[in-house]
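The values are calculated or read from the model by the stated rules, or taken from the named source; none is laboratory data. Just so you know, these numbers come straight off a predicted model, no measurement behind them. Because the Cβ atoms are built from the backbone with ideal geometry, glycine has one as well, and the counts that use them run over all protein chains shown.
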Amino acid sequence: MSSNVNPFISHSKSSRAGNKWRSAADVSPSANPCASNLMAHSVEFVAKPQEAARIQSTVPSALTGILRDVTGFAGCLVMASHHEARLVTVVTLWRGQDAQKRCAQNVRWIEALLAPYVDRRLRMQTLVAALPAGLQVLETNADAAGSILEPLCPQEESPEEEVCHA
């Protein structure tokens, strides 16, 4: 085998019945570039027609309000398809040594909060997450309307520039 082996794929020979893929969480932290103690729980669904327009304005603050004081909660994202507003993805972020455990413990709360909006659930999954260089998860969730990500080295804004704030 070459030295450019992907640490996320098992290269050992296995039986046909065996699973030849390994989870990113099963790879040792030294070999896993995503070992950042950050997990993401993603729920993809088709929203009820009458609820699609309200989701982006109500769900982020509702989720943050309920989970704000839960150990490990690092924030949430609510995304709707540009082409079809009823296709929605809600991602909650969890950090810390026991991020995967905390994420799993709170799935029912997330499902209960989303239930009034869901016409049909498409997919739910837990993912190992990594942030781009220069971003970090905020350590406090005190401001429900605030961003969950901030630059490690904030840049000074120029008065002439248009700046988009999330």
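From the list Gly96, Gly75, which residue is surrounded by fewer than 19 Cβ atoms within 10 Å (Cβ to Cβ), of a type in the set (Gly, Ala, Ser) and on the phi > 0 side of the Ramachandran plot? Before you say what the answer is, go through the steps one by one.
Details: Gly75 fails: surrounded by fewer than 19 Cβ atoms within 10 Å (Cβ to Cβ).
Going through Gly96, Gly75 in turn, the sole match is Gly96.
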Inset, instruction - Scan segment 71-127 for residues that are farther than 9 Å from His41 by Cα and among the β-branched types (Val, Ile, Thr) and jot them down. - result: Thr71, Val78, Val88, Thr89, Ile110, Val118
Inset, instruction - Only residues that are modelled with pLDDT under 95 and closer than 27 Å to Leu131 by Cα: list them for segment 41-55, please. - result: Ile55
Inset, instruction - Look through Arg54, Arg102, Arg68, Arg86 and report the one residue that is surrounded by fewer than 20 Cβ atoms within 10 Å (Cβ to Cβ), among the charged types (D, E, K, R) and in contact with a strand residue (DSSP E or B) (Cβ under 8 Å, 6 or more places away or on another chain). - result: Arg86
Legend entry - Conditions (1) assigned to a helix (DSSP H, G or I); (2) among the acidic types (Asp, Glu); (3) without any contact (Cβ under 8 Å) to a residue 60 or more places away in the chain; number of the one not met by Glu111: (3)
Inset, instruction - Would you confirm whether any residue within segment 101-108 is among the hydrophobic types (A, V, I, L, M, F, W, C) and in contact (Cβ under 8 Å) with a residue 40 or more places away in the chain? - result: yes
